[in-house]
1. Given contacts defined as C-alpha pairs under 8 Å and at least six residues apart, what's the relative contact order of the range 384-458, whole-number percent?
2. With the cut-off at 32 Å, tell me which of the pairs LYS9/LYS399; LYS119/LYS262; LYS320/LYS387; LYS9/LYS405; LYS162/LYS387; LYS262/LYS397 have Cα atoms farther apart than that.
3. Using label points projected 7 Å from each Cα along Cα→Cβ, tell me how many nm separate CYS171 and ALA408, to one decimal.
4. Could you sort 349-358, 108-117, 16-25, 144-153 so that the peptide with the highest average Cβ count within 10 Å comes first and the rest follow in order?
5. Once the convex hull of the alpha carbons of the chain is built, what does its volume come to per residue, in cubic angstrom?
6. Taking only C-alpha pairs under 8 Å that are 6+ residues apart, what is the relative contact order of the chain in percent?
7. Let a ≥ b ≥ c be the square roots of the eigenvalues of the Cα gyration tensor of the range 182-264; is it rounded (a/c under 1.5), or, if not, prolate (a/b larger than b/c) or oblate?
8. Tell me which of LEU25, LEU169, ALA108 sits at the most positive position along the dipole axis of the chain, charges placed on C-beta atoms (Lys, Arg +1; Asp, Glu -1).
Amino acid sequence: MTSSLSCFKAYDIRGRVPGELTLELVRQTGLAFAELIAPKDDCISDAPLPTVCLGYDMRLSSLDIARVLTNALEDGGLNVVDIGLCGTEEMYHAVFSQNLDGGIMITASHNPADWNGMKLVRAGAVPIGSETGIFTIRDRIAEGDLPTARRRGVTRRQSFRKEYAALLLSCLGDVSALAPLRIVANAGNGCAWPVMEELLPHLPCQCIPLHPEPDGTFPNGVPNPLLPENRSETSRAVVEQAADFGIAWDGDFDRCFFFDEKGRFIEGYYLVGLLARTLLENTPGAVILHDTSLVWNTRELVAEAGGLPLECRNGHAFFKERMRREDALYGGEMSGHHYFREFGYCDSGMLSWLLIYRLLSTTGLPLSALVDEVMRRYPVSGEINRKVADAGAVMDKVKARFAGKAVATSHTDGLSMDMGDWRFSLRSSNTEPLLRLNVESRGDVDLMQNMRDEILSMMV
C-alpha cells in the first residue's frame, strides 16, 4: 500500500491507474476521508449521518473509482449525493450551495488519459490540502486498520446543474445587455460542454463548439491548453470562423484559457489583471489575490482600480484558504485558475469566460485592444517547465548568481527575485516532478529573453 501513497500531492490525489492509484487505495481513501469528516467517536447513534457530494469526470477509470469510493464512503458512515459526470466546480457548488459536509471530485484534470485522481473538500467547499488534512488521510492509510462505521450511509443521485448555471448567470447582471458575439469554445472532449448546453439558451452569443463530446480516450489530445502544441486548433478556428474570441478548458474545466479575435493565445497573467480591474469597478477597495509567478501588471492594475493586491502561494488549496481569510473579491493564477467570492471563494472556468464576455460587451472593444498595451509593458516568457535532478540545488545556484543584483527576494513559493527592470519566479510544481520558470521585464523583450535563456542554462 505505501508504495502507492506517492499519489498524495500538496492539494489533491493524482497518479497513474492502476499502477499508482489502485482501487484498494481508493477504498482506503474513502474510509479515511469519512473518518476525517465524521470521527467515529463523535457519532451519536440516532444523529443524522453527514452527507457528502461525489462527482466524476469523463476518464475511462472514473466510473470504477466512483463505484468503489461510493461503497467506501457508505461503509464509513456517510450519506452520498452522486451528481454524476460533471466538472470540479459543479462539485464545489453542490457542497457550498446545499450545505453538505464535504465532497470528492474524481478527476486528473489535464493529465494524460491513464491518470486519475481525487480532489477533496470539507463543508463550504473548503479544500483539503497539505496543511488541512490530505496528508492526515495519507498517514492514516499507512497506519492501516481503518474501521467501518456502525451505521452505513446511503447514496442518492441528484443534479444541481440548473441551480449552478443560474448562479453563474446571476453574476452577469442584465444578460440582455450582452452583445451577440461569436465565440469558439474548445471543450477538448472534457466535461465542459454539458454545462455550456445549459448556459447557451440564456445567452445571445453564437457559440462554435470544438470537441464537445466527453470522451476519456482523448481522441483529440490531452485537454491541456497550457501546452503550446494544444493551442493551434482553437487559434485557427477563431480566425476561420471570424470569432470575437476563443476559449478552451482543461478536462474538468476549472481552468479556462483565452484567445483574442486574431487567434492569439493570451497568457493567463494578463487575464488576472483584466478580471481584477473589471470586478473592482463595483467593489472598490477589495482584496485581490495573485500568485508569485508574474506580478507587476496585476499589482499595477489592482492599485489603479483602488484594490489591495496580495501575494499568495500557487495552488488552489492555498488560494481558497487565503480567499476566505482575507474575504477577497477575486484571486487569479497565471495557470488559468480564477477564484471568485461570489462563487463560494472557489475557482470557476465558466464564470471567468462569462465575465470576459460581459467585459467585451460593455466596452465594445476586442480582446486584443484590452491586453495589447499591458503585454507591451510587461513582456513575459510564458511558463517553462524542466525536469531537474535536484530542484533545491538549481534554485540555490540561480539565487547565488543574482543575489548581488536583486532589489527584492521572496521565498513565498519557491524563489522569486526582482532586479528592478526584470524579475523571475522559480518554483517546484505541486503536482508534477517539474521546476517552473517565469520571467517578466518592464517593456524590454530582449532583456526578458536573454535572462530567460541564462536561467534555463542553469536548470540542469
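1. RCO, the range 384-458: 27 percent.
2. LYS119/LYS262; LYS9/LYS405; LYS162/LYS387; LYS262/LYS397
3. Distance between label points: 2.8 nm.
4. 349-358, 108-117, 16-25, 144-153
5. Per residue, the Cα convex hull of the chain comes to 140 Å³.
6. RCO, the chain: 12 percent.
7. It comes out oblate by the Cα gyration axes.
8. Toward the positive end, the furthest listed residue is LEU25.
Read the figures in this text as sums done on the coordinates, not as results from a lab. Only a predicted model underlies this, so the values are computations on that prediction, with no experimental measurement involved. Here Cβ is always computed from backbone atoms with ideal geometry, including for glycine, and neighbour counts include all displayed protein chains.
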